[in-house]
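Peer 1: My questions all concern the structure below.
The values are calculated or read from the model by the stated rules, or taken from the named source; none is laboratory data. The structure presented is a predicted model; accordingly, all values stated were derived computationally and were not measured. With ideal geometry, Cβ positions are generated from the backbone for all residues, glycine too; neighbour counts draw on all protein chains shown. What goes into the accessible areas is simple: the full protein's heavy atoms, side chains included, and nothing from ligands, DNA or RNA. Shrake-Rupley method; radii C 1.70, N 1.55, O 1.52, S 1.80 Å.
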Amino acid sequence: MADNGDPVLRVTGLNKSFGAVHVLHDVDFTVRLGEVMALVGDNGAGKSTLIKCIAGTHPFDSGRIEFDGRQVSVDGPRAASALGIEVVYQDLALADNLDIVQNMFLGRERRRGLVLDEPSMEQAARETLARLSIRTVKSVRQQVASLSGGQRQTVAIAKAALWESKVVILDEPTAALGVAQTQQVLNLVRRLADTGHAVVLISHNLNDVFAVADRITALYLGRVAADVARSEVTHGQIVELITSGRSGGLGLAPRTAAENI
Amino acid sequence: MSTDIPGGEKTAMTLAESDFAADRRVHDMGSALRDYRDRIRAGELGALPAVLGLIALVALFTALKPDTFLSKGNMANLSVQALPITILAMGLVFVLLLGEIDLSAGVASGLCAAVLAKLITDAGQPWYVAVLSAVAIGIVIGTTIGWLVSVLRIPSFVVTLAFFLGLQGVTLRLIGEGGTVAVRDELIVALSNRNMPIWLGWTLATACVAGYTATQLLRWRRRHVRDLHSKPIGFVLAQCAVVAAALLIGTYVLSLDRAPSPLITLGGIPWGVPLVGALLIVCTFVLGRTAYGRHIYAVGGNAEAARRAGINVTRVRVSVFMIGSGLAAVSGIVAASRLNSVATDAGGGNTLLYAVGAAVIGGTSLFGGRGKARDAVLGGLVIALIDNGLGLLGTSAYLSYLITGLVLLFAAAIDALARRRRSNVGR
Ligand SMILES: Nc1ncnc2c1ncn2[C@@H]1O[C@H](COP(=O)(O)OP(=O)(O)O)[C@@H](O)[C@H]1O
Ligand SMILES: [Mg+2]
């Protein structure tokens, strides 16, 4: 059994091109159990592409992915979730006409013989929500259509946590939310890590990042500019890393940083 | 201990309704009724429009034609009239659940009936060979449509419009212009023209009532002891009482002697009714209790979410068209039984309009993701009532078309408004 602090997912030397466009350059990326790793970078830096490679949505050109210390090949979303990697995409992908339980178990319904095992699914969904202290939903049998944006995000995240997943990747989970709901989701992100998951948080909002992250990886034009502990950097340094790829002693060598401009 | 209650907006409400309050709240009838009212207001209309429509139509036609409309003979007639519409609509519910449409379902039912008639009458085949062939042809048609829609991604509207024309051509070729093929097979004819013995009708009705009540109570108990979301027991009992009343009153009316002359007796439930009952039970089970049914709703609600959840969306799409056309074949057989023959225009005219109308009036949404098998039964009754009542009133054909068209439009408008309501309430 892996402990908190162990690297559960390690990406080394990952390269990815779309046709002639080289989007990711020798990316190294590590996430540990019990830790929130923030992935930051400007628009087009390659954040979404990186997680899609990890989640098996995109094939990549070279590099290796290790999971629990073993090299693995994630050749599809199914393979990724079988390993315990769950992604919550920006558009959430919840079915409005189904209720919370139905959405959380979608595609992986529990059955007894031919028949859906509703009581067991409802109980498990409720336990997961309770474990994550999600207590703002009135009923787990509510249709998702009737939920607020924050609640929907919460349900999508809880869905990812339901599957004994080790790595939960969140793509801009607070982008569309108001202040109170953002706080709610950030609390949830923190609790995910505290309950033993490894969390990757993609965000544009540095306040969010500094509120919950343990480490920060900054991408600059498809290269890793820095992988640092949150406590070792300032807001200003991260902004510089995002915008120019370097900040004082941190970041890419000046030549590399300039090369892409 | 919960720390995630946002300060500021709506905090009091959040506190009061958090912790799955609605799941744990001990429901009494009052709170259950309030929940029901809230759902209606939020655009979750369920069976309400269809039930209100049924009541209104019965009242209207009773007032206009007191002696003929409520006569025993007409009630039996009505139940037989509703059969093919209901079966066709039940297949369409599956298609509509994906937000797709099958405009060819009516003429597919006609073609399958023509195949059945030719096999029985011209080729001398036994009924089961004919029935299996007809249903198989329905399924082949549905598979082809489904493949064109889900693999080639041609809009179902266009594919099935093409089939609507093409299949009529096939039927015409099969039967010959202006011709009809008689259907004289005992068993097929019996579906719409013969009745069950009275005792069997009562036995079946009682068994259905007992089965339904037992299922509902057992489910309630299982959920209640595990402290899961459940309706109040009073609500469940009321639901059972309504179903029991509907079934038993129906059985009673159809069991009365309705022979026009005192010399003979004529009574009992037409054989086609238990057929629809069986289809209703199977379809309700598939849609509500199996993973496949859940996947149909998911694809209809958000195909991308379903795809990411690992559901084979293409397979689900093809399968609903197979079910739609397969049930269309059954509907065609029942219609042929009612007329004792199949003509070149079988399943044409307003057949499809009636079936789509039935599904939508019953509560199935044209936008996908919402609907139940029972919608076809409720809506089928409404449509049959309109058809039957207008017939009794001697309404001219042009008016009947106009009225039926308006009813469909009205049902679709309710569907669209309820949908708008739902999206306003959410978020
Ligand atoms: N499917 C694709 N085909 C071609 N180019 C793509 C594709 N997806 C992303 N890109 C390109 O890759 C780069 C990184 O994009 P992305 O990973 O979405 O950035 P981020 O999520 O950090 O904003 C962008 O220049 C984008 O145009
Ligand atoms: Mg992105």
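Peer 1: In region A:147-186, how many residues are within 16 Å of ligand 1 (Cβ to nearest atom) and more than 17 Å from A:LEU39 (Cβ to Cβ)? Write out each step before concluding.
Peer 2: Taking region A:147-186 first, the residues within 16 Å of ligand 1 (Cβ to nearest atom) are A:169-176.
So of that shortlist, the ones also more than 17 Å from A:LEU39 (Cβ to Cβ) come out as A:176.
Counting residues in region A:147-186 that are within 16 Å of ligand 1 (Cβ to nearest atom) and more than 17 Å from A:LEU39 (Cβ to Cβ) gives 1.
Peer 1: Residue pairs, Cβ under 9 Å, 6 or more apart or interchain, first in region A:104-132 and facing another protein chain (nearest Cβ under 9 Å), second open to solvent by 40 Å² or more (accessible area, probe 1.4 Å) and among the hydrophobic types (A, V, I, L, M, F, W, C). List them.
Peer 2: Going by the 9 Å Cβ cut-off, the qualifying pairs are A:ARG108/A:TRP163; A:LEU114/B:PHE285; A:VAL115/B:PHE285.
Peer 1: Does region A:186-195 contain at least one residue that is surrounded by fewer than 17 Cβ atoms within 10 Å (Cβ to Cβ), within 16 Å of ligand 2 (Cβ to nearest atom) and either modelled with pLDDT of 90 or more or within 12 Å of chain B (Cβ to nearest Cβ) (or both)?
Peer 2: No: zero hits.
Peer 1: Ok, one more. Inside region B:50-169, counting only helices (runs of 4 or more DSSP H) that do not spill past its ends, which hold 2 or more residues that are closer than 19 Å to B:GLY362 by Cβ?
Peer 2: Where helices (runs of 4 or more DSSP H) fall fully within region B:50-169 and carry at least 2 residues being closer than 19 Å to B:GLY362 by Cβ, they are B:72-97, B:105-117.
Peer 1: Which residue, of A:LEU201, A:LEU219, is in contact (Cβ under 8 Å) with a residue 24 or more places away in the chain and within 30 Å of A:GLN142 (Cβ to Cβ)? Walk me through how you get there before you give the answer.
Peer 2: Numbers: A:LEU219 fails: within 30 Å of A:GLN142 (Cβ to Cβ).
After ruling out the rest, the residue left standing is A:LEU201.
Peer 1: Kindly provide the set of residues from region A:40-72 that are closer than 16 Å to A:VAL167 by Cα, more than 16 Å from ligand 2 (Cβ to nearest atom) and not aromatic (Phe, Trp, Tyr), ordered by number.
Peer 2: Within region A:40-72, A:GLY56, A:ILE65, A:GLU66, A:ASP68, A:GLY69, A:ARG70, A:GLN71, A:VAL72 qualify.
Peer 1: Return yes when A:SER133 is over 22 Å from B:ASP35 (Cβ atoms) and out of contact with any helix residue (DSSP H, G or I) (no Cβ under 7 Å at 6 or more places or on another chain) and no when it is not. Reasoning before the result, please.
Peer 2: Numbers: over 22 Å from B:ASP35 (Cβ atoms): yes; out of contact with any helix residue (DSSP H, G or I) (no Cβ under 7 Å at 6 or more places or on another chain): no.
Here the answer is no, as A:SER133 does not meet what is asked.
Peer 1: Which residues, taken from region B:217-243, are away from chain A (no Cβ under 14 Å) and either under 25 Å from the mean Cα position of the chain (by Cα) or under 18 Å from A:SER120 (Cα atoms) (or both)? Steps first, please.
Peer 2: First, pick out the residues of region B:217-243 that are away from chain A (no Cβ under 14 Å): B:217, B:232-243.
If the condition is that a residue be away from chain A (no Cβ under 14 Å) and either under 25 Å from the mean Cα position of the chain (by Cα) or under 18 Å from A:SER120 (Cα atoms) (or both), then B:LEU217, B:PHE235, B:VAL236, B:LEU237, B:ALA238, B:GLN239, B:CYS240, B:ALA241, B:VAL242, B:VAL243 are the ones that fit.
Peer 1: Tell me, which strands (runs of 3 or more DSSP E) lie completely within region A:1-83 with 2 or more residues that are away from ligand 1 (no atom under 13 Å from the Cβ) and in contact (Cβ under 8 Å) with a residue 24 or more places away in the chain?
Peer 2: On the way: elements: A:7-18, A:21-32, A:36-41, A:62-67, A:70-72.
It comes to A:7-18, A:21-32, A:36-41, A:62-67.
Peer 1: Return yes or no: is B:PRO270 in contact with a helix residue (DSSP H, G or I) (Cβ under 8 Å, 6 or more places away or on another chain) and surrounded by 14 or more Cβ atoms within 10 Å (Cβ to Cβ)?
Peer 2: Details: in contact with a helix residue (DSSP H, G or I) (Cβ under 8 Å, 6 or more places away or on another chain): yes; surrounded by 14 or more Cβ atoms within 10 Å (Cβ to Cβ): yes.
Yes; evaluated as a whole, the condition is true for this residue.
Peer 1: Report every pair of residues separated by at least 6 positions or lying on different chains whose Cβ atoms are under 7 Å apart, first residue within region B:66-78 and open to solvent by 20 Å² or more (accessible area, probe 1.4 Å), second among the hydroxyl-bearing types (Ser, Thr, Tyr).
Peer 2: B:LEU70/B:THR62
Peer 1: Residue under question is A:ARG230, and the condition is that it be within 9 Å of chain B (Cβ to nearest Cβ), open to solvent by 10 Å² or more (accessible area, probe 1.4 Å), out of contact with any Lys or Arg (no Cβ under 6 Å at 6 or more places or on another chain) and more than 16 Å from ligand 1 (Cβ to nearest atom); does it hold? Spell out the reasoning first.
Peer 2: On the way: within 9 Å of chain B (Cβ to nearest Cβ): no; open to solvent by 10 Å² or more (accessible area, probe 1.4 Å): yes; out of contact with any Lys or Arg (no Cβ under 6 Å at 6 or more places or on another chain): yes; more than 16 Å from ligand 1 (Cβ to nearest atom): yes.
So A:ARG230 fails the test.
Peer 1: Further question on the same structure: Among the β-branched types (Val, Ile, Thr) and touching a residue at least 60 places away in the same chain (Cβ under 8 Å): is that true of B:ILE403 in this structure? It would help to see each step written out before you state the result.
Peer 2: Details: among the β-branched types (Val, Ile, Thr): yes; touching a residue at least 60 places away in the same chain (Cβ under 8 Å): no.
Considered against the rule, which asks whether it is among the β-branched types (Val, Ile, Thr) and touching a residue at least 60 places away in the same chain (Cβ under 8 Å), B:ILE403 comes out as no.
Peer 1: If I filter region B:406-421 for residues that are away from chain A (no Cβ under 14 Å), under 25 Å from B:ALA278 (Cα atoms) and either among the charged types (D, E, K, R) or free of Cβ contacts under 8 Å to residues at least 24 places away in the same chain (or both), do I get at least one hit?
Peer 2: Residues of region B:406-421 that are away from chain A (no Cβ under 14 Å), as a first pass: B:406-414, B:416-417.
Filter once more, keeping what is under 25 Å from B:ALA278 (Cα atoms): none.
So far as region B:406-421 goes, no, none of its residues is away from chain A (no Cβ under 14 Å), under 25 Å from B:ALA278 (Cα atoms) and either among the charged types (D, E, K, R) or free of Cβ contacts under 8 Å to residues at least 24 places away in the same chain (or both).
Peer 1: Looking only at residues that are assigned to a helix (DSSP H, G or I) and not polar (S, T, N, Q) in region B:170-185, which one is surrounded by the fewest Cβ atoms within 10 Å (Cβ to Cβ)? Write out each step before concluding.
Peer 2: From region B:170-185, those assigned to a helix (DSSP H, G or I) are B:170-175; that's our starting set.
Remaining after also requiring not polar (S, T, N, Q): B:170, B:172-175.
Details: B:VAL170: 18, B:LEU172: 16, B:ARG173: 11, B:LEU174: 16, B:ILE175: 21.
The residue in question is B:ARG173.
Peer 1: Between residues in region A:84-96 that are under 20 Å from A:GLU164 (Cβ atoms) and of a type in the set (Gly, Ala, Ser) and residues that are in a loop (DSSP other than H, G, I, E, B) and open to solvent by 40 Å² or more (accessible area, probe 1.4 Å), which pairs lie under 6 Å by C-beta distance while being six or more apart or on different chains?
Peer 2: A:GLY84/A:LYS166
Peer 1: Another question, if that's okay. Here's a check for you: in region A:209-226, which residue that is away from ligand 1 (no atom under 16 Å from the Cβ) and more than 14 Å from chain B (Cβ to nearest Cβ) is farthest from the chain's Cα centre (by Cα)? Working first, answer last.
Peer 2: Filtering region A:209-226 down to residues away from ligand 1 (no atom under 16 Å from the Cβ) leaves A:210-215.
Then keep just the ones that are more than 14 Å from chain B (Cβ to nearest Cβ); that gives A:210, A:213-215.
Numbers: A:PHE210: 16, A:ALA213: 12, A:ASP214: 14, A:ARG215: 13 Å.
Across region A:209-226, the extreme among qualifying residues is A:PHE210.
Peer 1: Another question, if that's okay. Could you tell me whether region B:234-253 includes any residue that is hydrophobic (A, V, I, L, M, F, W, C), surrounded by 18 or more Cβ atoms within 10 Å (Cβ to Cβ) and not in a helix (DSSP H, G or I)?
Peer 2: Taking every residue of region B:234-253 in turn, none turns out to be hydrophobic (A, V, I, L, M, F, W, C), surrounded by 18 or more Cβ atoms within 10 Å (Cβ to Cβ) and not in a helix (DSSP H, G or I).
Peer 1: Oh, and also: Looking only at region A:81-100, decide whether some residue is more than 16 Å from ligand 2 (Cβ to nearest atom), among the polar types (S, T, N, Q), modelled with pLDDT of 90 or more and surrounded by 21 or more Cβ atoms within 10 Å (Cβ to Cβ). Reasoning before the result, please.
Peer 2: We begin by selecting, within region A:81-100, every residue more than 16 Å from ligand 2 (Cβ to nearest atom); these are A:81-86, A:94-100.
Keeping just the survivors that are among the polar types (S, T, N, Q) gives A:81, A:97.
Next, only the ones that are modelled with pLDDT of 90 or more stay: A:97.
Next cut, surrounded by 21 or more Cβ atoms within 10 Å (Cβ to Cβ) only: A:97.
Yes, that holds for at least one residue.
Peer 1: Out of B:ILE137, B:ILE40, which single residue is closer than 30 Å to A:ASP99 by Cβ and open to solvent by 10 Å² or more (accessible area, probe 1.4 Å)?
Peer 2: Values: B:ILE137 fails: closer than 30 Å to A:ASP99 by Cβ.
The unique qualifying residue is B:ILE40.
Peer 1: Right, here's the next one. Just one of A:THR182, A:THR154 is surrounded by fewer than 24 Cβ atoms within 10 Å (Cβ to Cβ), more than 16 Å from ligand 2 (Cβ to nearest atom) and of a type in the set (Ser, Thr, Tyr); which is it? If you could, list the steps in order and put the result at the bottom.
Peer 2: Numbers: A:THR154 fails: surrounded by fewer than 24 Cβ atoms within 10 Å (Cβ to Cβ).
Selected residue: A:THR182, the only one of A:THR182, A:THR154 that is surrounded by fewer than 24 Cβ atoms within 10 Å (Cβ to Cβ), more than 16 Å from ligand 2 (Cβ to nearest atom) and of a type in the set (Ser, Thr, Tyr).
Peer 1: Can you tell me which residue among B:SER337, B:SER325, B:SER261 is more than 30 Å from A:PHE105 (Cα to Cα), surrounded by fewer than 19 Cβ atoms within 10 Å (Cβ to Cβ) and hydroxyl-bearing (Ser, Thr, Tyr)? I'd like the intermediate steps shown before the answer.
Peer 2: Values: B:SER337 fails: surrounded by fewer than 19 Cβ atoms within 10 Å (Cβ to Cβ); B:SER325 fails: surrounded by fewer than 19 Cβ atoms within 10 Å (Cβ to Cβ).
None of the other options fit; the residue is B:SER261.
Peer 1: Given A:ALA161, A:ALA198, which one is small (Gly, Ala, Ser), over 20 Å from B:ALA309 (Cβ atoms) and more than 10 Å from chain B (Cβ to nearest Cβ)?
Peer 2: Details: A:ALA161 fails: over 20 Å from B:ALA309 (Cβ atoms).
Only one candidate qualifies: A:ALA198.
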